[in-house]
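Presented below is the structure to which this report refers.
The values are calculated or read from the model by the stated rules, or taken from the named source; none is laboratory data. Here the structure is a predicted model, which is why all the values come from computation and not from measurement. Neighbour counts are summed over all protein chains in view; Cβ atoms, including those assigned to glycine, are modelled from backbone coordinates with ideal geometry.
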Amino acid sequence: MLARLSLAWLAAMQVMMFAFPGYLREYETNLDNRLMLDQAVFIMNWISFALTMPVMVYCAWPIWGGALRRMLQGGVSMDVPVALGIAAAFLPSAYATMIGYGEVYFESVCMFVAFLLTARYLEYSARVTSGLAGRHPVLAGLRERLSASANKVAFWFVVIQLALAVAVGLAWYVLDPAHALPVTVALFVMSCPCAMSMSVPTALAASDAALLRRESPSDAEVEAVARAGQRVARQNLYGSIAWHLLMTPLAAIGLVQPWLATVSMLVSSLAVAANAWWLYRQLISQDGEGGLQAVAA
């Protein structure tokens, strides 16, 4: 996972740099300068295409495999909208590069994969840590209940977001075809429930790590820490939903570009991780049962 993550970030930084002439071209009015920028954009697009291919084939391979397996099973997982979003951004960009005309979104593809792998690495680390919660049956049972609830919410979120992305994309195709692709890609990107999938494991990982710092926690202390973890897990889950509800209408009316949708996804995931870290710091700062009860309240 770390190799894929590192390569994705390296490619994303390079492709972002090569996309810069395209941003300048939008504001250039001098004809000679614009022609020069067009030539630079043509070359940079091919370089970006070459750099994006390893990201598509190697870095995003777990996404393709996960989406295919889930679709063959007749279900929908978070890999499905992610794969659709990546394909919806990459394929038109590759075509535009080959014909030498049109907008490309290679930087959005690389950033999306890099941010997604970052979120999944954080989730994986949290799950490994929260797996230690088996030492405390209260936390283990809580993890199972909260995970089931979060997965159910994430499933329906993905289904609704996919339907919305298709409907809004078709509407934009009728009203203004030039905006149909970027709006659809942005909505596909935002349909990834990365922060939701991190909400439970990060909170319970923080709770378990706090308990491990105590030599022999009492049952009351374990119960207080479990309540604190449950509270923060729900904060993370509902907070990430609220963030998506805020950003989705903006993306639907064309105010959120695909790269910005990718950044917003990372921001929500980092907010979940930061809230779990805040919980951990709060728990370890309390000495007695009374302090833990205050944090859990």
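Points to keep in mind about this one:
- Residue check for Leu51: surrounded by 16 or more Cβ atoms within 10 Å (Cβ to Cβ), among the hydrophobic types (A, V, I, L, M, F, W, C), modelled with pLDDT of 80 or more and farther than 18 Å from Ala96 by Cα: no
- Only a single criterion out of (1) in contact with an Asp or Glu (Cβ under 9 Å, 6 or more places away or on another chain); (2) buried (at least 16 other Cβ atoms within 10 Å of the Cβ) is not satisfied by Ala178, namely (2).
- Some residue of region 248-258 being part of a helix (DSSP H, G or I) and within 22 Å of Asn151 (Cα to Cα): yes
- Some residue of region 247-260 being under 12 Å from the mean Cα position of the chain (by Cα), closer than 30 Å to His179 by Cβ and not hydrophobic (A, V, I, L, M, F, W, C): no
- When region 76-119 is filtered for residues that are closer than 30 Å to Ala273 by Cβ and surrounded by fewer than 17 Cβ atoms within 10 Å (Cβ to Cβ), only Val76 remains.
- Qualifying positions in region 76-121 - among the β-branched types (Val, Ile, Thr), over 13 Å from the mean Cα position of the chain (by Cα) and at pLDDT 80 or above: Thr97, Ile99, Val104
Every residue, every condition in (1) under 17 Å from the mean Cα position of the chain (by Cα); (2) surrounded by 20 or more Cβ atoms within 10 Å (Cβ to Cβ), yes or no:
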| site | (1), (2) |
| --- | --- |
| Val153 | yes, no |
| Cys194 | yes, yes |
| Ser197 | yes, yes |
| Leu211 | no, yes |
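- Selection count, region 210-237, where residues are touching a Ser or Thr at 6+ places or on another chain (Cβ under 6 Å) and aliphatic (A, V, I, L, M): 3
- Applying the set (1) surrounded by 14 or more Cβ atoms within 10 Å (Cβ to Cβ); (2) at pLDDT below 85 to Gly134 leaves exactly one unmet item: (1).
- Ser199 vs. criteria in contact with a His (Cβ under 9 Å, 6 or more places away or on another chain) and modelled with pLDDT of 80 or more: no
- Residues satisfying the stated conditions in region 163-218, i.e. closer than 15 Å to His136 by Cβ, in a helix (DSSP H, G or I) and among the polar types (S, T, N, Q): Ser207
- Residue identified as modelled with pLDDT of 85 or more and assigned to a helix (DSSP H, G or I) among Ala294, Ala242: Ala242
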